[in-house]
2 protein chains.
Amino acid sequence: MSFVQTPVKGMQDFLPEDMALRQHVLGLIRDTYRRYGFSQIGTPAMEHIQNLTGKNGGENEKLIFKVEKRGREFEKSLQKVQQEEGISPEEAGTQLADSALRYDLTVPLCRYYANHKQDLPSPFKALQIGDVFRADRPQKGRFRAFTQCDIDIIGDPSVMAEIELIAATSEALHRIFAEVGVSGFTVHVGDRRILRAMARSAGFAPEEFDEVFIILDKMDKIGLDGVTSELTAGGFSPEKVEKYVGFFRMFQEDPDQDPASFIEKTCADCIEAGAQQEMSEILTTAGGMISSDITLMFDPTLVRGMSYYTGTIFEITIDNYSFSIAGGGRYDRMIGRFCGQDTPACGFSIGFERIVTILRDLGWKESGAGEKKAYLVDRKSASGRIAEVFSLAAKERAEGICVVVQPLKKNAKFQVESLEKEGYTQIRKIYGDTEL
Amino acid sequence: MSFVQTPVKGMQDFLPEDMALRQHVLGLIRDTYRRYGFSQIGTPAMEHIQNLTGKNGGENEKLIFKVEKRGREFEKSLQKVQQEEGISPEEAGTQLADSALRYDLTVPLCRYYANHKQDLPSPFKALQIGDVFRADRPQKGRFRAFTQCDIDIIGDPSVMAEIELIAATSEALHRIFAEVGVSGFTVHVGDRRILRAMARSAGFAPEEFDEVFIILDKMDKIGLDGVTSELTAGGFSPEKVEKYVGFFRMFQEDPDQDPASFIEKTCADCIEAGAQQEMSEILTTAGGMISSDITLMFDPTLVRGMSYYTGTIFEITIDNYSFSIAGGGRYDRMIGRFCGQDTPACGFSIGFERIVTILRDLGWKESGAGEKKAYLVDRKSASGRIAEVFSLAAKERAEGICVVVQPLKKNAKFQVESLEKEGYTQIRKIYGDTEL
């Protein structure tokens, strides 16, 4: 087999200018979250396969990259798979693997917290920056390996967690986009408890909720009429569907109404205690903290794909773009699956790849990279002077200046142009008689 | 299957204090290499399996984590593997995989350069920081997933590349270890061309070199007598072995001798033109650039495991430790395997995990993390004042201060102690009547 030059399908190589942008954005994210008291932690890119196929990941579980067992373990599993008739390829694949690449940072965080909780403060404010992997159909802006930046607060059951997460994430995005003159964001806040109460109030049974929510989640693509058709096509009675869709129509007609009055009109009888008050407190308090060019709104249409959410859910959209750039929510029962004891948890994840794609498309340029100097040494006339040049370079580097020392090439013109393109402003050719 | 709390065997979770150390060291490395004009690039953790099983990786190829094909592709390969009698498990594993986790950053760099060379300057100075994966036997300080920091200069055939790499790597290590008061390093410089010339001069045939070098590479563990026994046991004639070992005995008796006289006495007839002059130039020039507490020495016993090295090889050892903390060399023929055109290349890799292990063992502590404040809000008496507290926090965060706002817990004493342990120096409890 011959070598392949391109990266694995759906994955990215980063040129120096891509990497400069990524590092710059990560720097802003780290600095913002540090001020909010989040501590960066790290988890391996690989996880035990049973942790990733345990129904925490929803649709993402279909997209996992499985890593083969090795040596004798692989041999044994291979024999078993070869002998077992009628084993599905899916099951055979899992049998032959003992680990897989993580598809998000939330499952590893829950495992991590369960494993280390005796060494961690409570509440614990975690920042994770890491690559995740999904064998998704590649498309523009969607990759099979991508960086996620998550903040999570573990051990705080109160809305103070939600408020901190919204404020911190909004501020990080505000700082990132301010540099390219983009400022219009909307933070959508929903709640799984309100979502369920509305479905119950419309007459759906709890076992129907998942199907209903999957259809509702398509609203931004298919509209309310599309949701109506799909629910009806799904065999739900027109009465239920009409009542349910009516709630959202009412919301769309007056999207600025406060959650208390909306809940009063739709699902007051069915809602869990506290949900409405918490939503109001989040909107009021977080609304007072975030920058005035960020809109914070109650959004009862918000679903979020993952079924592990138990309460508040959030999403941030950016004006003039059709996709969200951050999302998250409260998942109070997921850590319990790892350690047997339910632990309140709430997280917000930034869509890092989408953000850097937008910034790049808007022409972001590195600034303040500092002075850059190049010495091009003529190896014929100045070969005896290399030590002298390097010594000068060392002095300048000690001052923080970026200095390169290279042999002067035959095609000096091209060499100089290429350095200028890289941002080198002082380029000197060194010959035997050049004064330094 | 139930969930597993611990990380995958041989892999690491990083607590906040581990991560702070790692980020700090990476910051020093990035800043040092930036001054030398290295640009950070990025490659995916996964590679095409044929790139990793193409004999570039030596022993490391046996340690690769293979990633299964998916869907129809996996199904087809599974059928083939099930039908093909006598297929080895090794071969079956490769058939069922289309990609694998990279075991180093050099193979991905060569693929990357071949893929992007039209967009890159020449010479190209690359910095890569990334995780690599090897299914090695886990042991103290050796992991199955670990971070590598490599600098490489591609397109410079002259020793100026070697000199820059030695100076930059030495300076990075010097800065990192200065903080814990450690300063004694030795940079060992060898050359594959000298190594081959010595073997040829002793009478070994080129096809015997690999075996001879594998034995020689164990010298730091088994000593010169061990090397003698193993070579003899390998069936090589006592004359050859005695002559060969004699070269190294002579070196050990006078390790400070200059390379010119050593080569003169051992292999002057067999050596490629230029090798000796280049070694001398590297030692003289780089020796003048590096800090006075770093020793730079010619070391003809240096082998370096990878067979892809073509010329200079380096390794850095730290006094009082038995292992190297950096290594690299020139590999002028590896990029050619990806793009069909040989391209000079030389790299130096820092043993990041070993360095952070040493620093942690020496009690490295984060300093200059800045002011850290905590507000603990009594949810009963001060629930109406949350907005006020958050607004104060926002003001302080805008000044760069790290501030956390949390509900005051019942066990306030433990909560305060835990925050103090995290470095919070100003901790205030907020009740209904507390003045802000």
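The values are calculated or read from the model by the stated rules, or taken from the named source; none is laboratory data. Every value quoted in this text rests on a predicted model; they were computed, and no experiment measured them. Don't worry about glycine lacking a Cβ; one is built from the backbone with ideal geometry, like all the others, and counts go over all protein chains shown.
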Residues within the stretch A:48-85 that are touching a Leu at 6+ places or on another chain (Cβ under 8 Å) and not hydroxyl-bearing (Ser, Thr, Tyr), tallied
10
Which numbered condition B:GLN406 fails, given (1) without any contact (Cβ under 8 Å) to a residue 40 or more places away in the chain; (2) assigned by TED's automatic domain parsing to the domain that holds B:SER122:
(2)
B:LYS265 meets each of (1) in a helix (DSSP H, G or I); (2) of a type outside the set (A, V, I, L, M, F, W, C); (3) under 31 Å from the mean Cα position of the chain (by Cα); (4) farther than 28 Å from A:ALA382 by Cα with one exception, condition (3)
Name every residue in the stretch A:175-190 that is surrounded by fewer than 20 Cβ atoms within 10 Å (Cβ to Cβ) and farther than 30 Å from A:PHE248 by Cβ, in order of residue number.
A:ARG175, A:ALA178, A:GLU179, A:VAL180, A:GLY181
Residues of the stretch A:115-161 that turn out to be within 13 Å of the chain's Cα centre (by Cα) and facing chain B (nearest Cβ under 7 Å), as a count
2
With the requirement that a residue be free of Cβ contacts under 8 Å to residues at least 12 places away in the same chain and over 18 Å from B:GLU75 (Cβ atoms), what does the stretch A:58-82 give you?
A:ARG70, A:GLY71, A:ARG72, A:GLU75, A:LYS76, A:GLN79
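Can you name the helices (runs of 4 or more DSSP H) wholly within the stretch A:272-391 that have at least 2 residues being among the small types (Gly, Ala, Ser) and within 14 Å of another protein chain (Cβ to nearest Cβ)? Quick ask: steps written out before the conclusion?
Working: elements: A:275-289, A:335-339, A:352-361.
The helices (runs of 4 or more DSSP H) meeting that bar are A:275-289.
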Per-region count, the stretch B:360-376, residues at pLDDT 95 or above and among the aliphatic types (A, V, I, L, M):
2
Looking only at residues in the stretch A:32-54 that are surrounded by fewer than 22 Cβ atoms within 10 Å (Cβ to Cβ) and modelled with pLDDT under 95, which one is nearest to the other protein chains (Cβ to nearest Cβ)?
A:GLN50
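Quick check on this structure: which one of A:GLY141, A:GLY155, A:GLY181 is modelled with pLDDT of 95 or more and on the phi > 0 side of the Ramachandran plot?
A:GLY155
I need the full set of residues from the stretch A:101-114 which are at the interface with another protein chain (Cβ under 8 Å from one of its Cβ atoms), buried (at least 24 other Cβ atoms within 10 Å of the Cβ) and over 26 Å from B:CYS402 (Cβ atoms), in order please. Working first, answer last.
Going residue by residue through the stretch A:101-114, those that are at the interface with another protein chain (Cβ under 8 Å from one of its Cβ atoms) are A:101, A:111-112, A:114.
Of the ones still in play, those that are also buried (at least 24 other Cβ atoms within 10 Å of the Cβ) are A:101, A:111-112.
Listed by number, the residues that qualify are A:LEU101, A:ARG111.
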Would you point out the residue of the stretch A:130-154, among those that are in contact with a strand residue (DSSP E or B) (Cβ under 7 Å, 6 or more places away or on another chain) and closer than 14 Å to A:PHE65 by Cα, that is surrounded by the most Cβ atoms within 10 Å (Cβ to Cβ)?
A:PHE133
Looking only at the stretch B:9-21, how many residues end up being at the interface with chain A (Cβ under 8 Å from one of its Cβ atoms), in contact (Cβ under 8 Å) with a residue 40 or more places away in the chain and either surrounded by fewer than 20 Cβ atoms within 10 Å (Cβ to Cβ) or within 22 Å of B:LEU109 (Cα to Cα) (or both)?
3
Here are the criteria: (1) assigned by TED's automatic domain parsing to the domain that holds A:PRO138; (2) under 28 Å from B:ALA286 (Cβ atoms). Tell me which single one A:SER349 does not satisfy.
(2)
Single residue of the stretch B:20-50 satisfying the filter (among the small types (Gly, Ala, Ser) and part of a strand (DSSP E or B)) that is nearest to B:TYR103 (Cα to Cα):
B:GLY42
With the requirement that a residue be more than 7 Å from chain A (Cβ to nearest Cβ) and either surrounded by fewer than 20 Cβ atoms within 10 Å (Cβ to Cβ) or of a type in the set (Ser, Thr, Tyr) (or both), what does the stretch B:61-76 give you?
B:GLU61, B:LYS62, B:LEU63, B:GLY71, B:ARG72, B:GLU73, B:LYS76
Just to be sure before I move on: is B:THR6 facing another protein chain (nearest Cβ under 8 Å), in contact with a helix residue (DSSP H, G or I) (Cβ under 7 Å, 6 or more places away or on another chain) and modelled with pLDDT of 95 or more in the structure I sent?
yes
The one condition A:GLY10 fails out of (1) outside any loop (DSSP other than H, G, I, E, B); (2) out of contact with any Leu (no Cβ under 7 Å at 6 or more places or on another chain) is (1)
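Yes or no, residue by residue, for (1) among the aliphatic types (A, V, I, L, M); (2) more than 14 Å from A:PHE185 (Cβ to Cβ); (3) surrounded by fewer than 19 Cβ atoms within 10 Å (Cβ to Cβ):
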| position | (1), (2), (3) |
| --- | --- |
| A:LEU283 | yes, yes, no |
| A:ASP293 | no, no, yes |
| A:SER307 | no, yes, yes |
| A:ILE318 | yes, no, no |
| A:SER324 | no, no, yes |
| A:PHE352 | no, yes, no |
| A:VAL356 | yes, yes, no |
Within the stretch A:77-90, identify whether any single residue is part of a loop (DSSP other than H, G, I, E, B) and facing chain B (nearest Cβ under 7 Å), and answer yes or no.
no
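Scan the stretch B:399-412 and tell me whether some residue there is under 30 Å from A:GLN406 (Cα atoms), touching a Leu at 6+ places or on another chain (Cβ under 8 Å) and among the small types (Gly, Ala, Ser).
Checking the stretch B:399-412: not a single residue is under 30 Å from A:GLN406 (Cα atoms), touching a Leu at 6+ places or on another chain (Cβ under 8 Å) and among the small types (Gly, Ala, Ser).
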Could you say whether any residue in the stretch A:334-357 is of a type in the set (S, T, N, Q), under 30 Å from A:PHE414 (Cβ atoms) and more than 23 Å from the chain's Cα centre (by Cα)?
no
